[in-house]
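Engineer: Sharing a structure, written as structure tokens. Questions coming.
Each reported figure results from applying straightforward, stated rules to the coordinates on display, with no laboratory input. For clarity, every value in this text was computed on a predicted model and none was experimentally measured. Reconstructed Cβ throughout: ideal geometry from the backbone, glycine too, with neighbour counts over all protein chains shown.
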Amino acid sequence: AESCDSYRRRHEITVTGDEVPPPFTSFEATGFSPEILREVHQAGFSVPTPIQAQSWPVALQSRDIVAIAKTGSGKTLGYLIPCFIHLKRRRNNSQLGPTVLVLSPTRELATQIQAEAVKFGKSSKINCTCLYGGAPKGPQLRELDRGADIVVATPGRLNDILEMRRVSLHQVSYLVLDEADRMLDMGFEPQIRKIMKEVPALRQTLMYTATWPKEVRKIAGDLLVNPVQVNIGNVD
Ligand code: ADP
Ligand code: MG
């Protein structure tokens, strides 16, 4: 089998952090459930993408991650599959609020993430609700009331619903900031910081970004604890 260093070199993976586990270079190496592996196989995926290979073993250790990789590199499943495993371990009551919160910059992206969560989480029987602006709140609130293990939200709409006291984030223990650079470009930083006040400090935080400018480094420093940094290609 290929060595860890050779795999990382071949895929331009650079990692920093304490005792970073070796990448999962095949789906067999992941130890994912047969149900999840079946979904992956049905989707036609033959090997993990580099960001998945390196971020899955880290995420499964419940550690914080900042992952820098360009668009189209498979970041969504990079955080969704470990979140299904996290949910299985927690077994929280979804009526009391979500266990997983994913923040996303746009409605379009949020609905794509939800679709992927539904597709790959079918066997895990997870409920995933999407909250975004530009649409009436009623249906979103009714969905929340039915219980959601995963909430995928744009920061503005989530704050509106928090202000109405219609969702509680006190059970959140797995937090994802997807497309962090884009959220900051869109001016969502104050909204994100407001949401963070409602999320328990004791949690796992995963941040995904395509670029690594100083604004993103700053918020990563504020929200992540001793993260493993995974960088794919020469983006930085
Ligand atoms: P990103 O968030 O990095 O832009 P996505 O998570 O949206 O990328 O994934 C891009 C595309 O690659 C999606 O269509 C997704 O279904 C597909 N994909 C994800 N993982 C794999 C894989 N291991 N092998 C092949 N395609 C994959
Ligand atoms: Mg993405």
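Engineer: Just subtract the alpha-carbon distance of residue 70 and residue 217 from 0.36 nm times their residue separation and send over the number in nm, one decimal.
Structural biologist: Additional length available on full extension: 51.3 nm.
Engineer: Name the shape class, rounded, prolate or oblate, that the alpha-carbon gyration tensor gives for the range 140-225, where a ≥ b ≥ c are the square roots of its eigenvalues, rounded holds for a/c under 1.5, and otherwise prolate holds if a/b is larger than b/c and oblate otherwise.
Structural biologist: It is prolate, given that a/c is not under 1.5 and a/b is the larger ratio.
Engineer: Quick one: work out the % antiparallel among DSSP beta bridges in the chain, nearest 5.
Structural biologist: 15 percent
Engineer: Could I have the simple spin-label model distance between residue 46 and residue 123, label points 7 Å from Cα toward Cβ, reported in nm to one decimal?
Structural biologist: Here the modelled spin labels are 2.1 nm apart.
Engineer: For residue 197 and residue 9, what does the FRET efficiency come to when R0 = 35 Å and r is the distance between their Cβ atoms, rounded to the nearest 0.05?
Structural biologist: That gives a FRET efficiency of 0.25.
Engineer: Given the options 123, 55, 104, which has the most mean-square fluctuation in a GNM of the chain, springs set between C-alpha atoms less than 10 angstrom apart?
Structural biologist: Residue with maximal mean-square fluctuation among 123, 55, 104: 123.
Engineer: Here is a follow-up. Need the C-alpha centroid separation for the range 1-60 versus the range 78-101, integer Å.
Structural biologist: Comparing the Cα centres of the range 1-60 and the range 78-101, I get a distance of 21 Å.
Engineer: Moving to a separate point now. Please give the residues of the range 114-142, grouped as numeric ranges, whose backbone N is less than 16 Å from a label point set 7 Å along the Cα-to-Cβ vector of residue 160.
Structural biologist: Hits in the range 114-142 for residue 160 at 16 Å: 130-142.
Engineer: Now, a different point. With Cβ to Cβ distances under 12 Å as the rule, what net charge do the other residues near residue 63 carry (K, R +1; D, E -1)?
Structural biologist: Summing Lys and Arg as +1 and Asp and Glu as -1 gives -2.
Engineer: Okay, next question. Just the Cα atoms of the range 64-227, one point each, no solvent: what log10 I(q)/I(0) does Debye give at q = 0.18 Å⁻¹?
Structural biologist: These q points yield log10 I(q)/I(0) values of -1.13.
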